[in-house]
Structures are given as C-alpha cells and as structure tokens.
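What follows is a short report on a single structure.
Where a number appears in this text, it was derived from the coordinates with a stated rule and is not lab data. What you see is a predicted model; the values in this text were computed from it and never measured. So basically every Cβ, Gly included, is an ideal-geometry build from the backbone, and we count neighbours across all protein chains shown.
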Amino acid sequence: MRAIALADYDNDGDRDIAVANSNAPVRLLRNDSTPGNIIFSLVWSAPTSDYSNDVAWGDVDNDGDLDLAVANEGISRLYKKRWRHAQQRQQHQCRKHQSA
C-alpha cells in the first residue's frame, strides 16, 4: 500500500477509503461499519495496475460528487463518480480520464 485517502464518497455519513498500491489496482472500500463491528467492503477496483503513488478526493467537475484523482508513475488518472439507481440501491461506477 502506497497511500490512502478518506472521504464519504457515498454520502452515508461515514468515511470510505481509497487505496493506492504500487503493483495492484487502486481500490475503493466502502465503510459498512456498525457500532462494535468494523467492516469495509470492496466496491470498486481500477481496471489496470498503474504503479500508483497517491490518491486524493475532490469535486473536480463541480457536480457535487467526489471524484478520485490518482497519481501514477506513468499516466495519472481521474475517476469521475457516476451513480446508477436500481431497486432503491446505489451502485458505484467510475469513468476514467487520463492526464498528460
């Protein structure tokens, strides 16, 4: 593990974790903890391993949702958050953008 960034990406009131790895895909862990039980669930992995050095949350497109910036040894990436509603449940989806 190279770096982590904490943020409430799903707006449920608790902090979720983005993890940057040197030789594995960036991962997003949703905080599903309850009083007395610490639980984090893997909800998303980047499609490739890019030797990531750092991750940071921010609303880069000013749409009110947190997006995930990933600094890599090669091409850095921005994953924009998109929501899909199905059966009263929200599912996370990211769209990738590369930076020079």
### Task
Please list the non-local residues whose amide H lies under 5 Å from the amide H of Asp54, H modeled 1.01 Å from N, same-chain partners needing a gap of 5 or more.
Ala71
### Task
For an R0 of 25 angstrom, estimate the FRET efficiency from the Cβ-Cβ distance between Ala7 and Thr34 and round to the nearest 0.05.
0.80
### Query
What does the charge add up to near Asp16, with Lys and Arg as +1, Asp and Glu as -1, over the other residues with Cβ less than 10 Å from its Cβ?
-3
### 12 Å beta-carbon shell around Asn31, net charge (K/R +1, D/E -1)
-4
### Query
In terms of modelled amide H atoms, which long-range or inter-chain residues lie less than 5 Å from the amide H of Ser76?
Ser99
